[in-house]
């Protein structure tokens, strides 16, 4: 299947055509929360009316005066309204008679487990909120959270929200230096950490790393330590406090702060191209409305669902669809501490079977790893409780989508392939599972209340075909700035087109209004005048039965401008050979066309990824062009890059 359509330099070529599509199962549609697209279509005409009605599902201490105040690039949502995120995630459900419903089902990597009902969560959050107050934390103060995936991470976030403190969660896999930089940028007053955590059977020495960070963080006055195990650590008298002792000494009720809708809820740091982390700011009212509404609409959430978002709370997906969105909607959420392949490669499927998970939301990089490991692992488990699958984090290749659909969903679960960002705070593009047909690799139309378009670099709208993704109207969960750097906020997100948010992603739009993401604009391949999204080449490679994962980059070429180098990981049972390399190149030609034929294919056991699972194509370009390698501090495993560089050079010599 190929299409020789091309475009100007300002647009992205639309080359890979996917013709498969799937309708939602009739039994799913019959019980779906939304069964028509009527609400969504009306919402695109009048977003403010839609969001105003959606917000009524939450508890407000004081109603808002205006839904939206828009002075580009600054938006205020639910102006004048008073709300508390913690109240909506805890108290509201207690008062509705849901105190004995499970809020969190937690499993540690070693196999220990814990269930917290909404009443359990409510009590512990209240106690820890009072404990934070006893340490001098006030409304507007920043609190850094550096914890493994344990229930206390959720408790800490909600306790901050309860008293109006601003939390900054730092992924527990980050180094002491990364933690230090984020604490200093935010000016955090308290650090919450743990004695340690578990990852692939190894102990992660969180308190040890935190001690090194705190040596150079003058704003930190207190460190709270959660006891996860019995790990060796040092306790500094007067500064360090055990979480369990603070809880024991704290009063059982803490009055929730009546926060202004635009009060900051949290800062979340995301890597920037300059190397300096960006502190993305999200406020309370709009963010909660956006995550609450999309949780209900996109995941078709029902009272008896068991919802598992596999993301760490250190990432925005964990914030929005493990904590705030599902808990505001009264969901039962699964939370798992460890790796998907520990102690064996069926851990995720064992957890789904054990707890009867019905909604499963994970990343394409994980799905491709499952593909690589083989079908036998999920086939060992009863996954019949699943009724809805989701994908998040980066574009999903059509063949990975098909594997997910057939082997995990047993061809009976709708898949919501969601596009959004740390900056957007909530899902922006996705199908409605009880309404829309699904296309492998295509995210779908914009969600209710969100307006999305494609433009070329001159600002001309691209109705169908490839272009640059833009959000043309404010949405409630949108970022309110970069902490301490308003100029960077304006320059990075709002300077390309007037009063329009530039997502820095390429996409293509089909005639039926579905958007397919093509990857970051920085990663676009410029081949002989064609601008090709990395996702199209990578999807063509993953379509080959031997390939589990791929990453395509462009390197300088005297004639074409750039040539494609593809880094490929094979499925287990397949080995590298010159015949396989030639077959893969020809496969890309058959799927896309001669313009996309890779110049070289490099075989590797793994690819360099950030700790959130995104492939670092910038480093692959450095390898391909023989440059000094850039910053590798955000990688999950920095040694992969050196191994890849060596393999690249060895294959080049051969």
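The values are calculated or read from the model by the stated rules, or taken from the named source; none is laboratory data. Note that this is a predicted model, so its numbers are computed, not measured. When we count neighbours, we look across all protein chains shown, and the Cβ atoms used for this are built from the backbone with ideal geometry, even at glycine.
List of remarks:
- Enumeration of residues in segment 74-95 that are surrounded by fewer than 21 Cβ atoms within 10 Å (Cβ to Cβ) and under 18 Å from residue 253 (Cβ atoms): 91, 92, 94, 95
- Test: residue in segment 522-536 that is under 25 Å from the mean Cα position of the chain (by Cα) and in a strand (DSSP E or B): yes
- Selection status of residue 61, over 28 Å from the mean Cα position of the chain (by Cα) and at pLDDT 65 or above: yes
- Screening 586, 549 for residues that are within 27 Å of residue 374 (Cβ to Cβ), modelled with pLDDT of 80 or more, over 32 Å from the mean Cα position of the chain (by Cα) and not in a loop (DSSP other than H, G, I, E, B) leaves exactly one candidate, 586.
- Within segment 511-521, tally of residues that are modelled with pLDDT under 90 and either assigned to a strand (DSSP E or B) or in contact with a helix residue (DSSP H, G or I) (Cβ under 9 Å, 6 or more places away or on another chain) (or both): 3
- Residue 309 vs. criteria buried (at least 21 other Cβ atoms within 10 Å of the Cβ), within 23 Å of residue 147 (Cα to Cα) and touching a residue at least 24 places away in the same chain (Cβ under 8 Å): yes
- Filtering segment 606-629 to residues that are more than 23 Å from residue 397 (Cβ to Cβ), at pLDDT below 75 and surrounded by 14 or more Cβ atoms within 10 Å (Cβ to Cβ) leaves only 629.
- Single condition residue 369 does not satisfy, out of (1) buried (at least 21 other Cβ atoms within 10 Å of the Cβ); (2) at pLDDT below 95: (1)
- Within the option set 560, 571, 556, 591, being at pLDDT below 90 and in contact with a helix residue (DSSP H, G or I) (Cβ under 8 Å, 6 or more places away or on another chain) holds for one residue only, 591.
- Hey, residue 109 crowded, with 20+ Cβ neighbours inside 10 Å, at pLDDT 95 or above and over 28 Å from residue 506 (Cα atoms) or not: yes
- Cβ-Cβ distances below 8 Å connect the following pairs, each with a first residue in segment 485-512 that is over 30 Å from residue 186 (Cβ atoms), a second residue that is assigned to a helix (DSSP H, G or I), and a separation of six or more residues or different chains: 506/521.
- Among (1) part of a loop (DSSP other than H, G, I, E, B); (2) in contact with a helix residue (DSSP H, G or I) (Cβ under 6 Å, 6 or more places away or on another chain); (3) more than 30 Å from residue 434 (Cβ to Cβ), the one test that residue 269 misses: (1)
- Residue in segment 282-304 that is farther than 19 Å from residue 480 by Cα, surrounded by fewer than 24 Cβ atoms within 10 Å (Cβ to Cβ) and at pLDDT below 95 present: no
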